[in-house]
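Okay, so here's the structure we're looking at.
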Amino acid sequence: MKRTAYLIGITLIGLVACFWTFSKVSNHTGFSVGQRIDSLNGVYIYYNGSVDNVTGRNTTSDGYNLGLKYQCVEFVKRYYYEHLNHKMPDSYGHAKDFFDPAIADGKKSKKRNLIQYSNPSKTKPKVNDLLIFDGTIYNQYGHVAIISGVTENEIEIIQQNPGPSGSSRANFAIEKKDDKWVVINSSVLGWLRKE
């Protein structure tokens with residue numbers, strides 16, 4: 001009996017490992033790495049293949065580091081550089097590192113030269129804000145996206161390298177609770193804004 005349970009357990013672990021490997025190396029979308037799949041204000045989103053795929057570093061003609069192609073950080077920094085004419089003083093770091101828990105809500109992040117808002121915040125998210133997600137068991141580096149639309153009870157984000165969802169766009173509910181705005185997603189750390 002113990003031997004049968006052991007064999008079933010090993011078989012299940014093997015199947016999960018095979019499925020995970022297949023999902024990492026398979027291209028279910030039909031896109032090729034580096035292909036344009038979406039845009040916001042003339043700044044393109046490129047297909048990356050998988051969360052941990054890296055195809056080199058992207059820098060501007062003046063040497064400013066945009067990040068690893070075609071990771072989420074590379075898109076948001078390229079968007080801020082091209083559309084908002086913004087360079088971050090600290091041009092390195094993982095997505096979740098864009099949010100500094102030591103900075104109070106509504107205060108400036110000197111590393112990013114942006115105003116940081118916590119989730120929840122007294123300030124409602126708005127278009128062009130960076131939305132920062134914490135790391136997970138599947139992606140320890142976190143995620144960052146651009147808020148592309150805001151209504152009274154929802155935000156839309158545009159993102160590069162979104163992981164398993166595969167979609168460059170996603171929506172999240174927002175609500176005002178106790179005089180603070182909350183993005184209804186437990187992974188959202190907060191948002192950053194250019195003054």
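The values are calculated or read from the model by the stated rules, or taken from the named source; none is laboratory data. Note that the structure is predicted; figures quoted are calculated from it, not measured. When we count neighbours, we look across all protein chains shown, and the Cβ atoms used for this are built from the backbone with ideal geometry, even at glycine.
Within the option set Tyr70, Tyr80, being part of a loop (DSSP other than H, G, I, E, B), under 16 Å from the mean Cα position of the chain (by Cα), among the aromatic types (Phe, Trp, Tyr) and surrounded by 19 or more Cβ atoms within 10 Å (Cβ to Cβ) holds for one residue only, Tyr70. Could you list, in sequence order, the residues of the range 88-123 that are outside any loop (DSSP other than H, G, I, E, B), buried (at least 16 other Cβ atoms within 10 Å of the Cβ) and out of contact with any strand residue (DSSP E or B) (no Cβ under 6 Å at 6 or more places or on another chain)? Residues satisfying the conditions are Lys96, Asp97.
Go through the range 124-150 and give me each residue that's part of a strand (DSSP E or B) and either at positive phi or aromatic (Phe, Trp, Tyr) (or both).
Phe133
Could you look through the range 151-177, keep only residues that are touching a residue at least 40 places away in the same chain (Cβ under 8 Å) and outside any strand (DSSP E or B), and pick out the one that is nearest to Trp191 (Cα to Cα)? The extreme case among them is Gln159.
Within the range 90-102, residues that are at negative phi have Cβ atoms under 9 Å from residues that are part of a loop (DSSP other than H, G, I, E, B) and of a type in the set (Lys, Arg) in these pairs: Asp90/Lys110; Asp90/Lys111; Asp90/Arg112; Asp97/Lys111; Phe98/Lys111; Phe98/Arg112; Asp100/Lys111; Asp100/Arg112, counting only partners at least 6 apart in sequence or on another chain. Of the residues contained in the range 167-181, one or more are found to be touching a strand residue (DSSP E or B) at 6+ places or on another chain (Cβ under 9 Å), of a type in the set (S, T, N, Q), at pLDDT 95 or above and surrounded by fewer than 21 Cβ atoms within 10 Å (Cβ to Cβ).
A Cβ distance below 6 Å, combined with a sequence gap of six or more or placement on separate chains, defines the contacts here; from the range 39-53, residues that are of a type in the set (Gly, Ala, Ser) reach residues that are not in a strand (DSSP E or B) in the pairs Gly49/Val33; Ser50/Lys24.
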